[in-house]
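Where a number appears in this text, it was derived from the coordinates with a stated rule and is not lab data. These figures come from a predicted structure and were not determined experimentally. Glycine gets a Cβ as well: all are built from the backbone with ideal geometry, and neighbour counts include every protein chain shown.
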Amino acid sequence: MSRVLALDFGKKRTGIAVTDELQLIASGLTTVNTFELIPFLTAYIKKENVSCIVVGEPKQMDNTPSESEAMIQPLINRLRKLFPAIILERQDERFTSKMAVQAMIAGGIKKSKRRNKALVDEISATLILQAYLNRF
C-alpha cells in the first residue's frame, strides 16, 4: 500500500506526519522550515509511495477560514501541479496546537522541551493526520 502524509503549514515552520504503509498509524515525521518544504516533499515522495497529502485547514470558531488560509492556498495549488497523481485532502486543524501541548504534558515531556515549537508543529501534524484517518 502507500502512505498518507499530513502537513501543519505555518509561515516559519511546517510540521509533517506520515502513516505506515497500511495507513493505520499516524506518526510524526519531522518539522521543516517552510521555505524548504517543497524540496523536502519532492525528495520524500521520490523514495516513499505517498497516495494522499492532507493539509491542515485553519478555521475560525464560526467555521469561516482563518487568515492563514491565504498562505495555504498557493501551497495547495503548487502541490497539485508538482504531484498531480497524489490526492490532496483538507482536515480541520482547530485546537491541534493546544492539543499537542496537552499531549506533551500528558506524556511527561519537560517544560523546556514543550517550548520547542518545531516539536509542537510535528505533533500537530500527527493530530491532523489521525483526525483524517478517523474519518473513515
How large is the charge dipole for the chain, taken about the Cα centre, if only the Cβ atoms of Lys, Arg (+1) and Asp, Glu (-1) carry charge, to the nearest 20 debye?
500
Can you tell me which aspartates and glutamates have their Cα less than 15 Å from the Cα of K117? Leave out same-chain residues fewer than eight positions away.
D8
Could you order the peptides 9-17, 61-69, 121-129 from most to least packed, using the average number of other C-beta atoms within 10 Å per residue?
121-129, 9-17, 61-69
Cβ-based net charge around P65, under 14 Å, with every Lys or Arg adding one and every Asp or Glu removing one
-3
Helix 37-47 versus the longest principal axis of the chain: what angle, 0 to 90°, nearest 10, using Cα atoms?
60
Between the helical axis of 96-106 and the dominant principal axis of the chain, each derived from Cα atoms, what acute angle in degrees is found, rounded to the nearest 10?
50
Interchain or long-range residues, amide H under 5 Å from E57's placed H
Q91, D92, E93
Determine the alpha carbon to alpha carbon distance for each of K46/K81; K12/K81; K59/K81; K47/K110 and list only those over 27 Å.
K47/K110
Karplus 3J(HN,Hα) series, Hz, for the range 63-79 with 6.51 cos²θ - 1.76 cosθ + 1.60 (x for Gly, Pro)
6, 7, x, 6, 4, 5, 4, 5, 7, 7, 4, x, 4, 4, 4, 5, 4
How far, in degrees from 0 to 90, does helix 117-134 lean away from the longest principal axis of the Cα atoms of the chain, to the nearest 10?
60
Relative contact order of the range 3-134, defined on C-alpha pairs under 8 angstrom at six or more residues apart (%)
36
Give me the percent of Cα-Cα pairs in the chain that sit more than 20 Å apart, rounded to a whole number.
42
With charges set only on the Cβ (+1 for Lys and Arg, -1 for Asp and Glu), what does the dipole of the range 33-93 come to about its Cα centre, in debye to the nearest 20?
460
